[in-house]
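I have placed the structure first, in the form of structure tokens, so that the comments after it can refer back to it.
The values are calculated or read from the model by the stated rules, or taken from the named source; none is laboratory data. Note that this is a predicted model, so its numbers are computed, not measured. Neighbour counts are summed over all protein chains in view; Cβ atoms, including those assigned to glycine, are modelled from backbone coordinates with ideal geometry. The protein model used for the area step is the full one, side chains on, heavy atoms only, and it has no ligands, DNA or RNA in it. Shrake-Rupley method; radii C 1.70, N 1.55, O 1.52, S 1.80 Å.
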Amino acid sequence: MRQPARAPNTLPIMLVVMLLGMTASFSMDSGERDELTAKEDPASTHSTSNMSFPGFQDGSIYSATSLTSSFSHTCAILDDQTMRCWGDSGQGFLGNNDFWTYYWTPQYVNLGEQGGSAYAKETASFGHHSCTIMTDDALKCWGEAGHGQLGHGVHGGWHANPFLAVMNGTPIEISAGFHHSCAIMDDFSLSCWGDNAYGQVGNNASDTFPIPESEDVGYPTHIPLPPGRTAVAVSLGGLTSCAILDNGSGMCWGMNDVGQVGDGTYDNRSAPVPVTAIPANRTLAAIAVSTQSTCGILDDGRVRCWGNNSWGQFGDGTSGGISATGSYTSLPAGRTAISLDVGRRHGCAILDDNSAWCWGANHDGQLGDNTTTSSNVPVAVAGNHSFSAISAGYHHTCGIITNGSVHCWGYHSGGRLGLGIDVDSDEPAWVNLSTNRHGYLTERDHDGDGILSIFDDTPYPPPVCTAGNYLVGYECVDASPGHYVANNASTEQTPCSNGTYQPYSGQTSCYQTSPGHYTDELGSIEQTACVPGTYQPDTGQTSCVEATPGNYTAQSGGISQTACSPGTYQPNYSGASCLVADPGHFVLQPMQTSQTPCSPGFYQPLAGQTSCFSASEGHYVPSEGSTGQLECEPGTYSDRRGLDACKEADPGHYVPAGGAIEQLACSAGFNQPSIGAP
């Protein structure tokens, strides 16, 4: 994991809300439903509505640990956030108000015994005590109290019921070693308490080991980290503690007799020191500490282990020896780890295909491969299950598969597998937690980007942008002109559709185009006026309407067409004006597509007229479309209007001059036998 990008003041609030709001909804593995009770309804109990990747990585602030395989017992938080434990109750290990009794099946934990919330959201155990963060943010612990590990100032005895620890702040992550405890607080500082014989509390009490029991710490104590750094994960083993910082570096402290601190030495450390067992160009995504070995998932998904390798705990194909510098675990080719835990002499990892693989000692079947043969390389856990979480105890292992059911395998003495009296299993076996109940799983990909939060450079949920803004990276930006964002929590802007536009930034909608205007491109920042010859009567349009023949629009931005007036016409579409009727023609009615020629006998000398003149007496118009009348020639006449030809003078008559309106009779003594005589 690399340095997460976050605002320093808002991050604690975001994470506290995130951790408080974790729910137990997750996806079902259909092949494993038969291991739940027949009455369980997967649709109602395993909703995927708000879960991207259910599960947990023990010790990480990015998920809530709900299953712990411990020294001789096991505890689980159920989906209703009640809690069950099983195995050896010892000095109150099960929190069920009993001692020194074997419980072979899950028992109810009395979380509400001391008041406050009776519901859990995170638990931890790897020895003789357990601690749980409650839904009211209180911390309750139970079991042995001899070293102050329960965090309430008592250095003796034990508690068989959960007891309130005295916290200076709000814990968001908890881890428990054999006799000590640590918590990450809501400001991402680290507090530890309990057995400090080898410096495992980390308060720099002494450089002489073992440190006297009088130096045990009974109350949570602030553990200094490097300046400017905060904790994102914590893991406690037997007598050793480790943390991952927000820049992906690791720090460990406590017992280091076999190099489990990973600082290149074998010297015990009473204060956190940098882990050098990981390559210089790599960072830590997860860390898990055992009694004598430590393993981590690196930011590339590989696993690296250091400390004691006597039983093949490194998983690198070797057995024996110790190492303060570490070695890579030989994961299956092409696979990477997404979750990791280590027991006393074995380790287990969930891979990116949700399969589980374990390595190391296997005398009690804790590797889950249905054998008792130890292996110095990872072997597949039997059953072909798809795992969401895994927890390695001293000599046994438990996991939650993707349908929420809990399975355990390995050493069964005292009932730590929860399978019933003396029931053993060297492969995953279903634990009946309670009728219609299953394990509690929380989100591992809080921003839903497909990258598990332990690997994510920006693991936190981004800000919820208001309408008019959208998310770019971790910043809300205004919608650009020509675009809009209609809803809250948007990750993209939407271009204005055709027929709309938006000239401003940061808007929640687009304007519809006005009448007389249009837009024909996505993302328009302005509307376009209809050109002359076109118009648009409606809003929100993507084009303009052509003026039809007989009509016109003279101006841009027209909302209607205008009929050509009498005396004008328009034969074409998209006319910006009308044509004036030519001389010799007329247009009588409005909205005409053509002009009419004057008929023979009629004429029109002017343009743009609505009618024609009739030829006057003494004149004629021989053809259509005439612009003028002709004078009747001598020998002809026109005695009325509108003639297309003049009349010839009858025999016995004559017309001596042009333009005559009548013929003249020959005078007495004269004769004219021809027609048309001048």
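Of the accessible area of the chain, computed with a 1.4 Å probe over protein heavy atoms only, carbon and sulfur atoms account for 49 percent.
Size descriptors for region 261-351: radius of gyration and Dmax over Cα atoms are 12.2, 39 Å. The magnitude of the dipole of region 127-216, with charges of +1 and -1 set on the Cβ of Lys/Arg and Asp/Glu and taken from the Cα centre, is near 200 debye.
Dividing the Cα radius of gyration by the Kirkwood radius, what Rg/Rh value follows for region 114-266? Display every interim value, and only then the final one.
Values: Rg = 14.5 Å, Rh = 15.2 Å.
For region 114-266, the value is 0.95.
Ligands, DNA and RNA aside, CYS646 has an accessible area near 30 Å² when probed at 1.4 Å.
If you take the Cα centroid of region 557-613 and the Cα centroid of region 327-400, the two points sit 95 Å apart. Considered as an equivalent ellipsoid built on the Cα gyration tensor, the chain has semi-axes of 102, 24, 21 Å, the largest given first. A simple packing score, the average count of other Cβ atoms within 10 Å per residue, orders the peptides 211-218, 146-153 as 146-153, 211-218, with the highest score first. Taking 4.7 Å between C-beta atoms as the pairing limit, the chain has these partnerless cysteines: CYS666. Which residue, ALA489, SER524, THR548, has the largest displacement toward the positive end of the dipole of region 447-566 when charges sit on each Cβ (Lys, Arg +1; Asp, Glu -1)? So the residue furthest toward the plus end is THR548.
Legend: residues PHE71, PHE613, sorted from most to least accessible area (1.4 Å probe; ligands, DNA and RNA excluded), read PHE613, PHE71.
Rounded to the nearest whole Hz, the Karplus-based 3J(HN,Hα) values (6.51 cos²θ - 1.76 cosθ + 1.60, θ = phi - 60°) of region 561-576 follow the sequence 9, 10, 6, 4, 7, x, x, 9, 7, 8, x, 10, 6, 6, x, 8, with x at glycine and proline. Only one residue of TYR504, TRP100, VAL289 has its Cα farthest out toward the positive end of the dipole of the chain, where Lys and Arg carry +1 and Asp and Glu -1 on Cβ, and that residue is TRP100.
For LEU239, LEU606, LEU664, give the ranking by accessible area with the largest first, probe 1.4 Å. List each step's numbers first, then the result.
On the way: LEU239 45, LEU606 95, LEU664 65 Å².
Correct descending sequence by accessible area is LEU606, LEU664, LEU239.
Can I get the semi-axes of region 114-193's equivalent ellipsoid? Compute them from the C-alpha gyration tensor as square roots of 5 times the eigenvalues, in angstrom, largest first. Before the final figure, lay out the partial values.
Details: eigenvalues 61, 40, 23 Å².
Sorted largest first and rounded, they come to 18, 14, 11 Å.
GLY55 sits among other residues whose Cβ lies under 10 Å from its own Cβ, and their net charge, with Lys and Arg +1 and Asp and Glu -1, is -1. Ranking PHE178, PHE602 from most to least accessible surface, computed with a 1.4 Å probe over the protein chains only, gives PHE602, PHE178. Of the GluC sites (Glu not before Pro) in region 592-678, the ones in a loop by DSSP (not H, G, I, E or B) with at most 15 other beta carbons within 10 Å are GLU662. Surface calculation, 1.4 Å probe, protein heavy atoms: THR627 sits at approximately 80 Å² accessible.
Search the structure for amide H atoms under 5 Å from the amide H of SER480, placed 1.01 Å from N in the peptide plane, and list their residues when 5 or more places away or on another chain. The list, which skips near neighbours in sequence, is GLY506. Couplings 3J(HN,Hα) for region 440-457, derived from phi with the Karplus relation 6.51 cos²θ - 1.76 cosθ + 1.60 (θ = phi - 60°), are 8, 10, 10, 5, 10, 10, 5, 9, x, 9, x, 10, 4, 4, 5, 9, 8, 4 Hz, where x marks Gly and Pro. Over region 84-191, accessible surface divided per residue gives 29 Å², non-protein components excluded, 1.4 Å probe. Once backbone amide H atoms are built at 1.01 Å from N, CYS598 has HIS585, PHE586, GLY625, SER626 as its partners under 5 Å, excluding neighbours fewer than 5 places away on the same chain. As a length-normalised measure over Cα pairs under 8 Å and 6 or more apart, the relative contact order of the chain settles at 9 percent. If one computes the Cα centroid of region 440-467 and of region 217-233, what distance in Å separates the two points? For region 440-467 versus region 217-233, the Cα centre distance is 25 Å. Within the full protein context, the accessible area of THR105 is estimated at about 60 Å² for a probe radius of 1.4 Å.
Ellipticity at 222 nm from helices only: DSSP H runs of n ≥ 4 in the chain, each -39500 (n - 2.57), divided by the residue count, give -500 deg cm²/dmol. Residues whose amide H falls under 5 Å from that of ALA389, counting only those 5 or more places apart or on a different chain, are ILE400, with hydrogens built in the peptide plane.
Here the scattering of region 494-555 is modelled by Debye summation over its C-alpha atoms, one equal scatterer each and no solvent; at q = 0.16, 0.17, 0.21, 0.28 Å⁻¹ the log10 of I(q)/I(0) is -0.49, -0.53, -0.72, -1.06.
Answer rounded, prolate or oblate for region 371-513, using the Cα gyration tensor with square roots of eigenvalues a ≥ b ≥ c: rounded when a/c is under 1.5, else prolate when a/b is larger than b/c, else oblate. Mind showing how you got there, number by number?
Details: a/c = 4.65, a/b = 3.48, b/c = 1.33.
Since a/c reaches 1.5 and a/b is larger than b/c, the shape of region 371-513 is classed as prolate.
Using only Cα atoms and rounding to the nearest 10 degrees, what angle (0 to 90) does helix 11-20 make with the longest principal axis of the chain? With both axes taken from Cα atoms, the answer is about 80 degrees.
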